[in-house]
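Just so you know, all these numbers are worked out from the coordinates, no wet-lab data involved. Small disclaimer: the values here were computed from a predicted structure and weren't measured. When we count neighbours, we look across all protein chains shown, and the Cβ atoms used for this are built from the backbone with ideal geometry, even at glycine.
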Amino acid sequence: MNALTRQTLAGLRMILVMTVLVGIAYPLAVWAVAHLPGLSAHAEGSVITAPDGTATGSSLIGVDPVAKDPAADPYFHTRPSATAKDILGPGDPSTSAASNQAGDSEKLLKAVNDRRAAIAAREGVNPAAVPPDAVTASASSVDPHISAAYAELQAARVARVTGVPAADVARLVAEHTDGRALGVLGAPGVNVTELNLAIARAAHGR
């Protein structure tokens, strides 16, 4: 057996070994770890399903709903999106992007002020009562969480338009509030995607 044949066979063996390790064993190991209890939902996209099993969204992606009648808006709204054409959105949930505007940007300052005025008018409150996260986009533009303060600001409108008692709306907000990451990082946040689905079920008696 000459040197060229030995090198060819060694190369083929290496291809075979690496194919098994990297192409089969490693993907299977990653898949198995991802489907351990507590991790499987995240691995599959954290899909939210309706009672009939129909997929209705993802708990990791915020979708800002658009009311058919702006004067009778029954939804909780997410933070603004940097991908939106209008000041409050909605943005494109299939696109994750930040505005990349600095704090001294006149364009950003105008957007913040315009958003504050629009939200204050929608909720019937003084502009000073609008919390910071209501007027600033998240880094991803698809953050499904809002602050407890922003949820509280919207609760009265949602209760009035949907007919769901204010106490029930407050309870649903509390049920869909996630704690701090690892118990210490960040602040508690209200998952708007999950909350709106719960409000819809409550409003329709389901």
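Remark on Gly91: its backbone amide H falls under 5 Å from those of Asp64, Ser81, a criterion applied only to residues 5 or more positions apart or on other chains, H modelled at 1.01 Å from N. All Cα-Cα distances of the range 82-128, cut into 10 Å bins from zero to the largest, leave 26, 45, 28, 1 percent in each bin in turn.
Applying both filters, DSSP loop and at most 10 other Cβ atoms within 10 Å, to the GluC sites (Glu not before Pro) of the range 106-164 eliminates every site. Here the Karplus curve 6.51 cos²θ - 1.76 cosθ + 1.60, taken at θ = phi - 60°, turns the phi angles of the range 139-149 into couplings of 5, 8, 6, 10, 5, x, 9, 10, 6, 4, 5 Hz, with x standing for Gly and Pro. The charge dipole of the range 129-204, taken about its Cα centre with unit charges on the Cβ of Lys, Arg, Asp and Glu (plus for the first two, minus for the last two), comes to roughly 180 debye. Between Ile48 and Thr56, Gly57, Ser58, Ser59, the built amide H atoms are under 5 Å apart, and every one of these is 5 or more places off in sequence or on another chain. GNM remark for the chain: springs join alpha carbons under 10 Å apart, and the peak mean-square fluctuation among Asp92, Asp104, Asp178 falls on Asp104. Dimensions of the chain based on its C-alpha atoms, expressed as ranges along the principal axes with the largest first, amount to 88, 46, 36 Å. Overall shape: oblate for the range 97-206, with the ratio a/c of the largest to smallest alpha carbon gyration tensor axis at 1.5 or above and b/c at least equal to a/b.
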